[in-house]
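Colleague: Below you'll find the structure I mean.
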Amino acid sequence: TTKLEKYRPALHFAPQQNWMNDPNGLVFFKGEYHLFFQHNPNDSVWGPMHWGHAVSKDMIEWEQLDIALSPDEHGTIFSGSVVVDWHNTSGFFQDEPGLVAIFTHHFDGANHTETKQMQSLAYSSDQGRTWVKYENNPVLTHATKIDFRDPKVFWHEATHKWIMVLATGQTISIYSSPNLKDWSFESEFGEKVGSHDGVWECPDLFELPIENSNEKKWVLLVSIGDNHKFDSGSRTQYFIGSFDGHTFVEEHDDIKWLDFGKDNYAGVSFSDIPKEDGRRIYLGWMSNWRYANQVPTKGWRSQMTLPRVLSLIETDEDIRIVQKVVKELDSYFTKKEELADVIVSTDANYYNVNAEYAEIDLGLENINATQYGLTIHHTTTQYTTITVDAKEKTLVLERKHSGEVDFSDNFPKQQVVKLSKTDELQLRLIVDSSSLELFLNGGEQAITSLVYPDKACEGVSLFTTEGEIKVVHGKLSIPSKN
Ligand code: FRU
């Protein structure tokens, strides 16, 4: 079966065949989570974009369905969103509420001279299985802007309107509509704030609670494209502030990054999660434009991150996003082992894992080590290290010995993360066949990183380079079928 293909993830969504990039149209409707995705069904590299489609009951195990949207006379199908039109504002639905997709039509004229991007609609009355394109597409065009894409739409209760955030070069434009068909310009955000290292893409705007308070704030996610001047490649920044239905105002000057690893891009959140649930659930594309087309999988390319619940916390330094993998993942780990509270010195402590995928939770206390960390032994010769440097206050993820790395000059370079403290550290690491997702201090920092080893994980060891650390608590979780 496909599960046995080299590098195919056990816990993460990957297309059965061919190319995938951004998650699109994330929506919950009638008991199903829908994941649409940027898809080239004819090749395992980027090409004429379609929307692929998968559904799930728990966001971990996905069933891939037929292609939802294919190119037409207006162009190929770039990123966008899906909403449930509960009150039939669009007039597309006679009997029951249905789904409306708002996506970018990307039109390439002869020799790419007349490139145009515009927003269009499609609707579905059968839970996303088949789609009808709106006859008056496109619904939103721009006379001069070439980068005009990735609409993310939500219902804004306070003003009783649909709001669209759209990537417009190196800004985000906000539009509103009563019916998803007629759009009015509201405002443009970002010219003088945030990182402008690349083109702005795939925005999302939503309100989040601040943990342990009654306060809420608005969060604007903005992915920024690859700029060859920097090793980081494509990545995602976010802004925290307020939104009144017309204008987003940020409340900080610093640049905030959603993920400190290389491989989390173009992520957005699910629409229409029921009120009783209340979670804001995010999913990203687990790759980087720097090498996405070169990663060494055969016949298929790319995978999504695990779904993560977002909230805000106020730390000593700032207010920031916290990410926690959805609790639905827990049932995939049926064998759990508590690790003893040991002291680790330069003689590494080794824990046997030998599983298709694994989770390692650690609470570490630094006694007097200058450097400490853990090694993920994929095989006896392939490993990834995570090293905390107490003096530099950094965490370095080193994947140059993790397996296949030479498909790109950039891939084997170190990923260095600034930490605010190193005397105590909580780590939660999820290891799958070709990825590592590391969450520090309850999700205050996430580090998402692809790896291409022959096996997911044979073992894990803890080490120091000098001095000692204490394992305050530790847990190793694997599926029992191993
Ligand atoms: C982001 C992106 C989007 C665009 C899509 C095309 O990765 O560049 O801006 O809609 O990919 O596939």
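A short reminder: the numbers here are calculations on the coordinates, not readings from a lab. Keep in mind it's a predicted model, so treat the numbers as computed, not measured. Note that we place each Cβ from the backbone using ideal geometry, even for glycine, and neighbour counts take in every protein chain shown.
Colleague: Quick one: Kirkwood hydrodynamic radius for segment 1-131, alpha-carbon pairs, angstrom, one decimal?
Modeller: 15.6
Colleague: How long is the gain from Leu65 to Asn352 if the chain were fully straight, where each residue apart is worth 0.36 nm and the alpha carbon distance is subtracted?
Modeller: 99.5 nm
Colleague: Does segment 330-415 classify as rounded, prolate or oblate by the C-alpha gyration tensor (a ≥ b ≥ c root eigenvalues; a/c under 1.5 gives rounded; else a/b over b/c gives prolate, otherwise oblate)?
Modeller: oblate
Colleague: For segment 267-335, state which GluC sites (Glu not before Pro) are in a DSSP loop and have at most 11 other beta carbons lying within 10 Å of their beta carbon.
Modeller: Answer by residue number: Glu276, Glu317.
Colleague: Classify the chain as rounded, prolate or oblate, taking a ≥ b ≥ c as the square roots of the eigenvalues of its Cα gyration tensor: rounded when a/c is under 1.5, otherwise prolate if a/b is larger than b/c and oblate if not.
Modeller: Taking the square roots of the gyration eigenvalues as a ≥ b ≥ c, the chain is prolate.
Colleague: So which lysines can Lys336 reach, going by Cα to Cα under 18 Å and dropping same-chain residues fewer than 8 places off?
Modeller: Here the lysines satisfying the reach criterion relative to Lys336 are Lys327, Lys475, Lys481.
Colleague: A follow-up question, please. List the trypsin sites (Lys or Arg not before Pro) in segment 293-347 that DSSP assigns to loop (not H, G, I, E or B) and whose Cβ has at most 13 other Cβ atoms within 10 Å. Which are they?
Modeller: Lys298
Colleague: For each pair in Lys145/Lys181; Lys192/Lys229; Lys145/Lys413, compute the distance between the two Cα atoms and list the pairs where it is over 26 Å.
Modeller: Too far apart for the 26 Å limit: Lys145/Lys413.
Colleague: Is segment 1-40 best put as rounded, prolate or oblate by its Cα gyration tensor, with a ≥ b ≥ c the root eigenvalues, rounded for a/c under 1.5, and otherwise prolate when a/b is larger than b/c, oblate when not?
Modeller: Oblate.
Colleague: Sticking with this one: Quote to one decimal, in nm, the extra length available between His473 and Gln94 on full extension: 0.36 nm per residue of separation minus the C-alpha distance between them.
Modeller: 130.8 nm
Colleague: Just need the relative contact order of the chain here, percent rounded to a whole number, with Cα pairs under 8 Å and 6+ apart.
Modeller: Answer for the chain is 14 percent.
Colleague: Another question, if that's okay. Just in segment 159-195: which GluC sites (Glu not before Pro) are loop by DSSP and have at most 13 other Cβ atoms within 10 Å?
Modeller: Here the GluC sites (Glu not before Pro) that fit, given the DSSP loop and packing criteria, are Glu191.
Colleague: In nm, to one decimal, how far is the Gln426 label point from the Asp253 one, both placed 7 Å along Cα→Cβ?
Modeller: In this crude label model, Gln426 to Asp253 measures out at 3.2 nm.
Colleague: Now for a different question. Please give, to one decimal in nm, the separation of the simple spin-label points placed at Ala143 and Arg129, each 7 Å out from Cα toward the Cβ.
Modeller: Result for the modelled spin labels: 4.6 nm.
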